[in-house]
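The values are calculated or read from the model by the stated rules, or taken from the named source; none is laboratory data. Bear in mind that the values here come from a model prediction, so they are computed numbers and not experimental data. In this analysis, Cβ positions are derived from the backbone assuming ideal geometry, glycine residues included, and neighbour counts consider all displayed protein chains.
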Amino acid sequence: MSPTFNPRARNFTDDYVLVEKFCLKKYEFSHGDVVVFCSPSNHKEKHIKRIIALPGDWIGTTHNSHDDVLKVPKGHCWVEGDNSASSMDSRSFGPIPLGLVKGRVTHVVWPPQRIGLVERVFPQERVSSFK
Amino acid sequence: MVGLIGRLWNLQYKSIVKEASGKTLAVAKFFCVLHITNTYLCTFALAYGPSMIPTFNLTGDMFLAERLSIKFGKVGPGDIVLLRSPESPRKVMVKRLLGLESHSVTYVVDPMNSDRCDTIVVPKGHVWVEGDNIYNSRDSRQFGPVPYSLLEGKVFCKIWPPKEFGSLMKSGMKDPDL
């Protein structure tokens, strides 16, 4: 998730973030939310990625060097890391069920010089939602 | 004289406040224990719908589900599990676990219309769940294997209706030779 979190590798301290769980009452997320979710291939691991596409959206991906357009199934979401060069995300394991999401990241709380709100950004040109 | 009444009033007031806060703390502690138990140890749930007939009735059965087995990975094929639906995250469903990761599962694709079977190997980190009533159940045959983290609890005991009270058998399948 560089440079949003841990902007420099092998830093003195990792970033600590605040994760809110009120979003789990309704499972309503927006494009660009950073979320914590359980890994679909290993239930003991948790990942932090950004939600790029919500259920019913069409997302443009590159698969084996062809450009492809996928529809995100009902109840699922498409997550990607901000550092697309090295990120294990939906481009490898596909869309994930929203039930795997365990919280939404709202703020960075440590180190002190990086305290602040986590912005909501996403590549609008790759996602289209017909609602 | 006024001072004396003032001091007496203070004394009564203090003891009332002390008793009230003591009782409130006790109630708060009780709810905390209840919440911890419900979230991490054991919960009860009401299931309705046709997908688990004959194990559970159409109109609704109440049962107890424990959460520790899921956390420690002690579930296996044949267990009835609570899981969050991969199609609607606000819904929790009850189904029977039929396969863990790397198990090979054979299932009837569409029992109402044909006898065609299909075999699938459950991918890493996923499980295969099916309802006992395969004729009317929306399960892994429609939405595929589900990630293990969607499991919420293992059902071990039915508590309502009272005449069906008791622990549930590991596998609901009856012996076809009997």
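Check whether at least one residue in the range A:43-53 is in contact with a helix residue (DSSP H, G or I) (Cβ under 6 Å, 6 or more places away or on another chain), within 14 Å of another protein chain (Cβ to nearest Cβ) and part of a loop (DSSP other than H, G, I, E, B), and report yes or no. Checking the range A:43-53: not a single residue is in contact with a helix residue (DSSP H, G or I) (Cβ under 6 Å, 6 or more places away or on another chain), within 14 Å of another protein chain (Cβ to nearest Cβ) and part of a loop (DSSP other than H, G, I, E, B). Considering only the range A:67-77, I want to know if a residue exists there that is among the acidic types (Asp, Glu) and surrounded by 17 or more Cβ atoms within 10 Å (Cβ to Cβ). No, the range A:67-77 has no match at all.
In the range A:55-68, is there at least one residue being modelled with pLDDT of 90 or more, within 21 Å of B:Ser88 (Cα to Cα) and within 14 Å of chain B (Cβ to nearest Cβ)? Taking every residue of the range A:55-68 in turn, at least one turns out to be modelled with pLDDT of 90 or more, within 21 Å of B:Ser88 (Cα to Cα) and within 14 Å of chain B (Cβ to nearest Cβ).
Note on the range A:12-48: residues that are small (Gly, Ala, Ser), closer than 21 Å to A:Phe122 by Cα and either surrounded by 12 or more Cβ atoms within 10 Å (Cβ to Cβ) or more than 14 Å from the chain's Cα centre (by Cα) (or both) amount to 1. Restricting the range B:98-138 to residues that are within 14 Å of chain A (Cβ to nearest Cβ) and in contact (Cβ under 8 Å) with a residue 24 or more places away in the chain leaves a set whose member that is surrounded by the most Cβ atoms within 10 Å (Cβ to Cβ) is B:Val127.
Is it the case that A:Val121 is outside any strand (DSSP E or B), away from chain B (no Cβ under 14 Å) and of a type in the set (Val, Ile, Thr)? In short, yes.
I'd like the full set of residues that are within 12 Å of B:Val109 (Cα to Cα) and in contact with a helix residue (DSSP H, G or I) (Cβ under 7 Å, 6 or more places away or on another chain), limited to the range B:128-146. The answer is B:Glu130, and nothing else.
Okay, residues lined up against (1) among the β-branched types (Val, Ile, Thr); (2) under 12 Å from the mean Cα position of the chain (by Cα); (3) over 15 Å from B:Pro147 (Cα atoms); (4) in a loop (DSSP other than H, G, I, E, B):
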site	(1), (2), (3), (4)
B:Ser69	no, yes, yes, no
B:Gly73	no, no, no, yes
B:Gly76	no, no, no, yes
B:Leu82	no, yes, no, no
B:Arg90	no, no, yes, yes
B:Met93	no, yes, no, no
B:Met112	no, no, yes, yes
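B:Pro86 fulfils the conditions (1) within 14 Å of another protein chain (Cβ to nearest Cβ); (2) more than 23 Å from B:Gly144 (Cα to Cα); (3) in contact with a Pro (Cβ under 7 Å, 6 or more places away or on another chain); (4) of a type outside the set (Gly, Ala, Ser) except for a single criterion, (2). When you look at A:His107, is it surrounded by 13 or more Cβ atoms within 10 Å (Cβ to Cβ), away from chain B (no Cβ under 14 Å) and at pLDDT 90 or above, yes or no? When the stated conditions are applied, A:His107 passes them.
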